Amino acid sequence: MTGPTALEDRDADGARRFSPSAARNRDPILRVFLTHMPRAGAILEIGSGTGEHAVHLAAALPDARFLPGDPDAEARASIAAWTAHSGLSNVAPPHALDVAAEGWERAVARPLAGIVSINMIHIAPFEAARGLFAGAGRLLGSGGRLFLYGPFSRNGAHTARSNAEFDASLKARDPRWGVRDLDRDLLPLAGAAGLALAVVVAMPSNNFSAVFERA
Ligand SMILES: C[S@@+](CC[C@H](N)C(=O)[O-])C[C@H]1O[C@@H](n2cnc3c(N)ncnc32)[C@H](O)[C@@H]1O
């Protein structure tokens, strides 16, 4: 990995980074999470970025143990700083997992109750989505759930003009990046990993939460 892949300007307080998008979407995400994700057990977060989602979710789920992390060292410093600032005891020190790396899941203790990845798979090569689903299939226990958030297209069509423009801007930055299609790109990966789509929730700003369940 080379450097953070944030697409926004971020303020900082020491090592703690502030993500404007996380400030906007963390409460809508928390609401869906509380309804559709396990409330206890180990929950692995992939591509945690600043760590703001991890502490926000962990504060609302005291019986869950959050395992946030990011391949980027600056992000890991921010995650650790947010965890210390929160005073929460149910957030583990950050891991450095890169889900595009073959066998990444071998470093994780199983079974997990849940896995969450927010705004990651479109800002990474498709190998990251492929590796995330394959690893989730091996790490989640029966009934375990995978939560994805992002601007997915549906059946080959963008759901908003702004998402089509965002997709083009992503591809201009890196042709391997791009908005993923929930039906055509992700459902085949889910099926191959033993996961079924449990629920799709439309979110503000033409994003979606997609929750998958391990058989
Ligand atoms: C746009 S940021 C989103 C951060 C955070 N989830 C949020 O919503 O605020 C995407 C993050 O995914 C991480 N990432 C990119 N490729 C990854 C990979 N292959 N495995 C794990 N994390 C990855 C990046 O380092 C970056 O921190």
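Checked against the criterion of being outside any loop (DSSP other than H, G, I, E, B), surrounded by fewer than 22 Cβ atoms within 10 Å (Cβ to Cβ), more than 8 Å from the ligand (Cβ to nearest atom) and modelled with pLDDT under 95, region 12-28 contains one or more residues that satisfy it.
The residues on offer are 114, 137, and the sole one that is touching a residue at least 24 places away in the same chain (Cβ under 8 Å), in contact with a helix residue (DSSP H, G or I) (Cβ under 8 Å, 6 or more places away or on another chain) and either closer than 26 Å to residue 39 by Cα or part of a loop (DSSP other than H, G, I, E, B) (or both) is 137. Within region 100-111, the presence of at least one residue that is within 16 Å of the ligand (Cβ to nearest atom) and on the phi > 0 side of the Ramachandran plot is confirmed.
Evaluating residue 88 against the criteria (1) more than 22 Å from residue 134 (Cβ to Cβ); (2) within 14 Å of the ligand (Cβ to nearest atom); (3) among the hydrophobic types (A, V, I, L, M, F, W, C); (4) not in a helix (DSSP H, G or I) leaves one unmet condition, (2).
The number of residues in region 152-164 being farther than 19 Å from residue 36 by Cα and either of a type in the set (Asp, Glu) or within 16 Å of the ligand (Cβ to nearest atom) (or both) comes to 1. Taken over region 34-55, residues that are of a type in the set (A, V, I, L, M, F, W, C), within 12 Å of the chain's Cα centre (by Cα) and under 23 Å from residue 142 (Cα atoms) amount to 3. One residue stands out in region 147-166 among those that are among the aliphatic types (A, V, I, L, M) and surrounded by fewer than 21 Cβ atoms within 10 Å (Cβ to Cβ): the one that is farthest from residue 205 (Cα to Cα), namely 157. Taking the stated definitions as given, is residue 130 modelled with pLDDT of 95 or more and under 26 Å from residue 42 (Cα atoms)? Yes. Pairs are defined by a Cβ separation below 7 Å, a sequence spacing of at least 6 or placement on different chains, a first member in region 48-66 that is within 19 Å of residue 77 (Cα to Cα), and a second member that is of a type in the set (Ser, Thr, Tyr) and near the ligand (Cβ under 8 Å from one of its atoms); the pairs so defined are 49/19; 50/19; 52/19; 54/48.
The residue list 69, 41 contains one member that is modelled with pLDDT of 95 or more and either buried (at least 18 other Cβ atoms within 10 Å of the Cβ) or near the ligand (Cβ under 8 Å from one of its atoms) (or both), which is 69.
Checking the stated criteria, residue 54 turns out not to satisfy the condition of being more than 22 Å from residue 210 (Cβ to Cβ) and not aromatic (Phe, Trp, Tyr). Tallying residues that are of a type in the set (Lys, Arg) and closer than 19 Å to residue 213 by Cα within region 103-120 yields 1. In region 174-183, the residue that is farthest from residue 118 (Cα to Cα) out of those that are surrounded by fewer than 18 Cβ atoms within 10 Å (Cβ to Cβ) and either touching a strand residue (DSSP E or B) at 6+ places or on another chain (Cβ under 8 Å) or in contact (Cβ under 8 Å) with a residue 60 or more places away in the chain (or both) is 183.
A search for C-beta distances below 8 Å between a residue of region 7-26 that is over 23 Å from residue 170 (Cβ atoms) and any residue that is more than 9 Å from the ligand (Cβ to nearest atom) and of a type in the set (Phe, Trp, Tyr), counting only pairs 6+ apart in sequence or on different chains, returns 11/18; 12/18; 16/82.
The values are calculated or read from the model by the stated rules, or taken from the named source; none is laboratory data. Note that the coordinates shown come from a computational prediction; the quantities given were computed from them, not determined experimentally. Using ideal geometry, Cβ is built from the backbone for each residue, glycine included, and neighbour counts are taken over all protein chains shown.
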